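Colleague: Following this message is one structure expressed as structure tokens.
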Amino acid sequence: MDCIFCAIATGGQTAHLVLEDETAVAFLDARPLFPGHVLVVPRRHAETLTDLPAPEVGPFFTRVQRVAGAVERGMGAAGSFVAANNRVSQSVPHFHVHVVPRNRKDGLRGFFWPRTRYASDEEAAQVAARVREALEGRDGG
């Protein structure tokens, strides 16, 4: 496997590390939105969030939480943006969470996703039911 994040996690590739333990590795993004933009990756390769074993999700996100607080304090930021892509727009196929320091009027425009509304409460109820059924494993998958 040729994964740059695995190489960073094993020390085969250099990076500016900010956290490293048995669960996760966090390092500065090489192309940051702002100084202090950190990527947090599971030490063990998992391509997406859904590939990360359930027992590892909580410990991993505890590290994300710690890094978010450290980025805010360390960069003197008013807050942070914490996000992850899951396959679509995932530039490296190793699950990672972006932690970006944020301040009011910092120029980051957020998301330009087309926002809509459900046509009716009935449509919303049908969509919610589909997701609930998938959570309960009744989606055939």
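The values are calculated or read from the model by the stated rules, or taken from the named source; none is laboratory data. Note that the structure is a prediction, hence the values are computed from the model and not measured. We place every Cβ from the backbone using ideal geometry, glycine too, and count neighbours over all the protein chains shown. Surface areas here come from the heavy atoms of the whole protein model, side chains and all, with no ligands, DNA or RNA. Shrake-Rupley method; radii C 1.70, N 1.55, O 1.52, S 1.80 Å.
Colleague: Is it true that Gln90 is in a loop (DSSP other than H, G, I, E, B), within 12 Å of the chain's Cα centre (by Cα) and under 30 Å from Thr14 (Cα atoms)?
Modeller: yes
Colleague: Only one of (1) surrounded by 16 or more Cβ atoms within 10 Å (Cβ to Cβ); (2) among the aliphatic types (A, V, I, L, M); (3) out of contact with any strand residue (DSSP E or B) (no Cβ under 8 Å at 6 or more places or on another chain) is not met by Ala54, so which one is it?
Modeller: Condition (1) is where Ala54 drops out.
Colleague: On to the next question. Considering only segment 110-132, state which residues are open to solvent by less than 100 Å² (accessible area, probe 1.4 Å), at pLDDT below 85 and out of contact with any strand residue (DSSP E or B) (no Cβ under 9 Å at 6 or more places or on another chain).
Modeller: Residues satisfying the conditions are Ala124, Ala125, Val127, Ala128, Ala129, Val131.
Colleague: To continue, here is another question. Would you mention how many residues in segment 1-38 are closer than 23 Å to Val88 by Cβ, part of a loop (DSSP other than H, G, I, E, B) and modelled with pLDDT under 95?
Modeller: Qualifying residue count for the region: 8.
Results for (1) open to solvent by less than 40 Å² (accessible area, probe 1.4 Å); (2) of a type outside the set (D, E, K, R), shown as yes or no for each residue.
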residue: Gly11; (1), (2): no, yes
residue: Leu33; (1), (2): no, yes
residue: Arg63; (1), (2): yes, no
residue: Val67; (1), (2): yes, yes
residue: Ala78; (1), (2): no, yes
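Colleague: Among the residues of segment 39-83, write down those that are of a type in the set (D, E, K, R), closer than 19 Å to His16 by Cβ and assigned to a helix (DSSP H, G or I).
Modeller: Correct list: Arg63, Arg66, Glu72, Arg73.
Colleague: A further question on this structure: So for segment 37-51 (the condition being in contact (Cβ under 8 Å) with a residue 60 or more places away in the chain and more than 30 Å from Lys105 (Cα to Cα)), does at least one residue qualify?
Modeller: no
Colleague: Criterion first (part of a loop (DSSP other than H, G, I, E, B), open to solvent by less than 80 Å² (accessible area, probe 1.4 Å), free of Cβ contacts under 8 Å to residues at least 40 places away in the same chain and out of contact with any Pro (no Cβ under 7 Å at 6 or more places or on another chain)) does Gly107 satisfy it?
Modeller: Yes, satisfied.
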